[in-house]
1. If you take the residues in the stretch 156-204 that are within 14 Å of ILE141 (Cβ to Cβ) and free of Cβ contacts under 8 Å to residues at least 40 places away in the same chain, which one is surrounded by the most Cβ atoms within 10 Å (Cβ to Cβ)?
2. Could you tell me which of the residues ALA189, ALA147, ALA137 is at pLDDT 95 or above and either touching a Leu at 6+ places or on another chain (Cβ under 9 Å) or over 17 Å from GLY51 (Cα atoms) (or both)?
3. Any residue at all in the stretch 94-110 that's in contact with a Leu (Cβ under 8 Å, 6 or more places away or on another chain) and open to solvent by 70 Å² or more (accessible area, probe 1.4 Å)?
4. Looking only at residues in the stretch 4-59 that are modelled with pLDDT under 95 and of a type in the set (D, E, K, R), which one is least open to solvent (accessible area, probe 1.4 Å)?
5. Being within 14 Å of ARG111 (Cα to Cα) and β-branched (Val, Ile, Thr) is the filter here; which residues of the stretch 132-184 pass it?
6. Given the options ASP124, ASP136, name the one that is in contact (Cβ under 8 Å) with a residue 40 or more places away in the chain, out of contact with any strand residue (DSSP E or B) (no Cβ under 6 Å at 6 or more places or on another chain), farther than 27 Å from ARG33 by Cβ and of a type in the set (Asp, Glu).
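The values are calculated or read from the model by the stated rules, or taken from the named source; none is laboratory data. In this text, all values refer to a predicted model and were calculated from it rather than measured experimentally. All Cβ positions, even for glycine, are placed from backbone atoms using ideal geometry, and neighbour counts span all protein chains on display. Remember, those area values only see protein heavy atoms, side chains included, never the ligands or the DNA or RNA. Shrake-Rupley method; radii C 1.70, N 1.55, O 1.52, S 1.80 Å.
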Amino acid sequence: GLLIAFFRPSLLNPFMPVYEYEIIPSAHEGYSRHTLTRGNITYESDYTEYGLWTNWNDRQIGQTPLGERIYTIPGQENFVVLFDFMSPIAVFRDSKTPPFDWRTAKYNEMRLYSTVIATATPNDPIISTDIQLIQDAISPILENSSAISSSQINGSYEGYALYLYSEKLAGMSYAIGVYIDDSGMVYVAENTLSKEWFPANEAFSELAKSK
């Protein structure tokens with residue numbers, strides 16, 4: 001950690017704007033709000049952005065004091081992505097732009113991966129364009145019923161990420177969390193960091209357990 005802190009300033013591009021990077025408590029209790037600020041421009045990554053994901057970057061527009069790089073996202077005008085070396089850290093929204101409402105978006109494809117670690121090499125995903133099955137996957141969260149805390153799970157569990165694709169999300173996807181406990185019970189969550197889990201319905205549970 002000390003070596004990284006010592007050498008990173010030397011990696012700054014002298015011709016690239018520097019944005020202040022701040023992490024503060026979110027209004028959504030128990031979570032953090034990340035901001036990138038330069039002058040009157042602020043990008044934020046709060047709970048509403050936790051599910052947004054991209055591996056793509058286009059043009060670098062800035063950097064943080066520690067050398068993380070800020071890129072535009074292909075097809076997006078109001079969102080940027082922060083990279084640390086080769087790995088995306090988070091998607092940020094222009095604070096003047098309303099948050100993306102993942103709950104009302106129409107999704108045309110989903111991909112279930114067996115890892116949510118950005119630097120890991122994922123296995124081949126389960127891919128589906130079945131609109132009803134996509135709705136089955138997200139309906140327990142939308143209905144907001146029978147939520148439990150992740151701390152209530154006994155034993156261990158496997159974590160997955162279900163990436164949802166929509167025409168409104170050019171260059172990005174929205175990732176919900178999927179978890180399977182030792183007993184084979186499947187849960188879904190609003191994003192991969194959410195501590196509120198919902199029992200998945202039968203159709204999606206069968207799909208998830210086939211991974």
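1. VAL186
2. On the way: ALA189 fails: either touching a Leu at 6+ places or on another chain (Cβ under 9 Å) or over 17 Å from GLY51 (Cα atoms) (or both); ALA147 fails: at pLDDT 95 or above.
Within the list ALA189, ALA147, ALA137, the selection yields ALA137.
3. Just the residues of the stretch 94-110 that are in contact with a Leu (Cβ under 8 Å, 6 or more places away or on another chain), to begin with: 100, 102-103, 105, 107, 109-110.
From what is left, the residues that are open to solvent by 70 Å² or more (accessible area, probe 1.4 Å) are 103.
Yes; the residues of the stretch 94-110 include at least one that is in contact with a Leu (Cβ under 8 Å, 6 or more places away or on another chain) and open to solvent by 70 Å² or more (accessible area, probe 1.4 Å).
4. ARG8
5. Within the stretch 132-184, ILE134, ILE138, ILE176, VAL178 qualify.
6. Matching residue, one of ASP124, ASP136: ASP136.
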